[in-house]
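Undergrad: Can you read through this structure? Questions will come right after.
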Amino acid sequence: MPNITDLFAQRATLRRSVSLLASFRYEQSAPERFYGTVAHDTVHLVTDLWQQATGAGLQDRTVLDVGGGPGYFASAFASAGARYIGVEPDPREMHSAPAGTSGIHDPRTAYLRASGMALPFADDAVDICLSSNVAEHVPEPWRLGEEMLRVTRPGGLAILSYTVWLGPFGGHEMGLTHYFGGARAARWYTRKHGHPPKNNYGSSLFPVSVRDGLAWAHGTGTLVAAFPRYHPKWAWWITRVPAAREVLVSNLVLVLRPH
């Protein structure tokens, strides 16, 4: 039987990894450039997984993006033919993108203010539920995952991708100082910049591990794939190595298929 990641694995080259990692330096200075790159890569990821799982494209499929932020993903998914619904709890985040760079007002998409911890949707409501780099920002990440599974129809896909705390990007804008402890890193950042980090440890940034994510996902009985999002295919084996994976996997993707 084909693996659900077979199509995407062909795209997971070293060249792609280098290109994505290079874009990270623009996250703060030119977010539209950074998030635009990640948005298109995410559409390719979701399209490939869906194609492998169902034999069809995203045309007319409903994609619920939990923690959609200011809408950088919206137009990218709409252009792929999907019915895109973005969910974002913070109105400041929702409207933070420069004018003309966000898809939040794209007529092909829908947006609502709501929490991923209590999604305002019926059971089995969407074909694909996606959450990209959100689980590390909520105090109960697996409650978020359970909500994603609840609203995804049987045969659909729930795709939960998150930044691993002990990985190189776990501290977000605090850089590698998070290895000295989250609270200490936040204090150092505040002292240096004169204001606290946007992703502040203990309030909007929490430690999430590969181990805990895999344990939760296996416990649901719906896990069909787990791999490091930004690594080339030949390095995916790292996910299977305890301890090492916590520092070498920067972002873990959990692909779940509800029964």
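Undergrad: Do we find a residue being surrounded by fewer than 19 Cβ atoms within 10 Å (Cβ to Cβ) and either among the charged types (D, E, K, R) or part of a helix (DSSP H, G or I) (or both) anywhere in the stretch 155-165?
TA: no
Undergrad: Restricting to the stretch 200-215, give me the number of residues that are surrounded by fewer than 18 Cβ atoms within 10 Å (Cβ to Cβ) and part of a helix (DSSP H, G or I).
TA: 3
Undergrad: Given the criterion farther than 14 Å from Ser204 by Cβ, in contact with a Ser or Thr (Cβ under 7 Å, 6 or more places away or on another chain), not hydrophobic (A, V, I, L, M, F, W, C) and not in a helix (DSSP H, G or I), identify the matching residue among Pro168, Pro120.
TA: Just one listed residue meets the conditions, Pro168.
Undergrad: If I filter the stretch 138-154 down to residues being acidic (Asp, Glu) and surrounded by fewer than 19 Cβ atoms within 10 Å (Cβ to Cβ), which single residue comes out as nearest to Ala82 (Cα to Cα)?
TA: Glu146
Undergrad: So which of Gly69, Gly36, Gly57 ends up being open to solvent by less than 10 Å² (accessible area, probe 1.4 Å) and either touching a Phe, Trp or Tyr at 6+ places or on another chain (Cβ under 8 Å) or in a loop (DSSP other than H, G, I, E, B) (or both)?
TA: Values: Gly36 fails: open to solvent by less than 10 Å² (accessible area, probe 1.4 Å); Gly57 fails: open to solvent by less than 10 Å² (accessible area, probe 1.4 Å).
When all the criteria are applied, what remains is Gly69.
Undergrad: Can I ask one more? Regarding the stretch 175-190, can at least one residue be identified that is in contact with an Asp or Glu (Cβ under 8 Å, 6 or more places away or on another chain), modelled with pLDDT under 95 and closer than 30 Å to Val241 by Cβ?
TA: Within the stretch 175-190, none of the residues are in contact with an Asp or Glu (Cβ under 8 Å, 6 or more places away or on another chain), modelled with pLDDT under 95 and closer than 30 Å to Val241 by Cβ.
Undergrad: Please work out which one of (1) touching a helix residue (DSSP H, G or I) at 6+ places or on another chain (Cβ under 6 Å); (2) touching a residue at least 24 places away in the same chain (Cβ under 8 Å) is the condition Gly213 fails and give its number.
TA: Failed condition: (1).
Undergrad: Among the candidates His218, His259, single out the residue that is surrounded by fewer than 20 Cβ atoms within 10 Å (Cβ to Cβ), over 27 Å from Gly69 (Cβ atoms) and modelled with pLDDT under 95.
TA: Answer to the check: His259.
Undergrad: Right, another one. Please work out if His231 is assigned to a loop (DSSP other than H, G, I, E, B), of a type outside the set (Ser, Thr, Tyr), farther than 17 Å from Leu130 by Cβ and in contact with a Gly (Cβ under 8 Å, 6 or more places away or on another chain).
TA: When the stated conditions are applied, His231 does not pass them.
Undergrad: Follow-up question, since we're still on this one. When only residues in the stretch 77-113 that are under 17 Å from the mean Cα position of the chain (by Cα), open to solvent by less than 40 Å² (accessible area, probe 1.4 Å) and modelled with pLDDT under 90 count, which is nearest to Leu149 (Cα to Cα)?
TA: In this case the residue turns out to be Glu88.
Undergrad: Next question, about the same structure. Could you tell me which residue of the stretch 173-184 is farthest from the chain's Cα centre (by Cα), considering only residues that are within 11 Å of Asn199 (Cα to Cα) and without any contact (Cβ under 8 Å) to a residue 40 or more places away in the chain?
TA: Gly182
Undergrad: So Ile128 ticks every box in (1) open to solvent by 10 Å² or more (accessible area, probe 1.4 Å); (2) in a strand (DSSP E or B); (3) of a type in the set (A, V, I, L, M); (4) within 23 Å of His218 (Cβ to Cβ) but one. Which box is left unticked?
TA: Unmet for Ile128, out of (1) open to solvent by 10 Å² or more (accessible area, probe 1.4 Å); (2) in a strand (DSSP E or B); (3) of a type in the set (A, V, I, L, M); (4) within 23 Å of His218 (Cβ to Cβ): (1).
The values are calculated or read from the model by the stated rules, or taken from the named source; none is laboratory data. Just so we're clear, the structure is a prediction, and the values are computed from it rather than from any experiment. Heads up, the Cβs are rebuilt from the backbone with ideal geometry, glycines too, and the neighbour counts pull from every protein chain shown. The accessibility values were calculated without ligands, DNA or RNA, using every heavy atom of the protein model including side chains. Shrake-Rupley method; radii C 1.70, N 1.55, O 1.52, S 1.80 Å.
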